[in-house]
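**Q** Take this structure, written in structure tokens, and hold onto it; I'll ask about it next.
Taken together, the values in this text are just the output of simple stated rules run on the coordinates, not laboratory data. Here the structure is a predicted model, which means the values were calculated and not measured. Cβ placement follows ideal geometry from the backbone for every residue including glycine, while neighbour counts extend to all protein chains displayed.
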């Protein structure tokens, strides 16, 4: 909240107020392994603008042969919503 005081008013005035959304930047990155490999992808990667009270969704996909080790938010581990891959349906011969 803020206040504005117009003192000594002796004529008509128009006061216009505009508001803008509060925005934040979320930065997502992948930790490289000892061979400088990413071993998976994240989407989006890098800086993403998110409005105040907005939602940020990060999709994490490990490469074949890898699994997600950990995800940190501000240095602390977070729980993930894990989607198990669907098994391909076998066709009858």
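**Q** Average projected area of the Cα convex hull of the chain, in nm²?
**A** Mean shadow area of the hull around the Cα atoms is 13.3 nm².
**Q** Which semi-axis lengths, in whole Å and largest first, follow from the square roots of five times the eigenvalues of the Cα gyration tensor of region 23-77? Provide the component values of the computation, followed by the final result.
**A** On the way: eigenvalues 112, 25, 22 Å².
Equivalent-ellipsoid dimensions as semi-axes: 24, 11, 11 Å.
**Q** Give the order of 38, 57 when sorted by the count of other beta carbons within 10 angstrom, beginning with the fewest.
**A** Values: 38 15, 57 8.
Fewest-to-most Cβ neighbours within 10 Å comes out as 57, 38.
**Q** Okay, moving on. Report the paramagnetic label zone for residue 61: residues of region 17-54 whose backbone N is under 15 Å from a point 7 Å from Cα along the Cα-to-Cβ axis.
**A** 39-45
**Q** On to the next question. Which residues does a label at residue 49 reach in region 1-35, if reach means a backbone N under 18 Å from a point 7 Å past the Cα toward the Cβ?
**A** The answer is 18-28.
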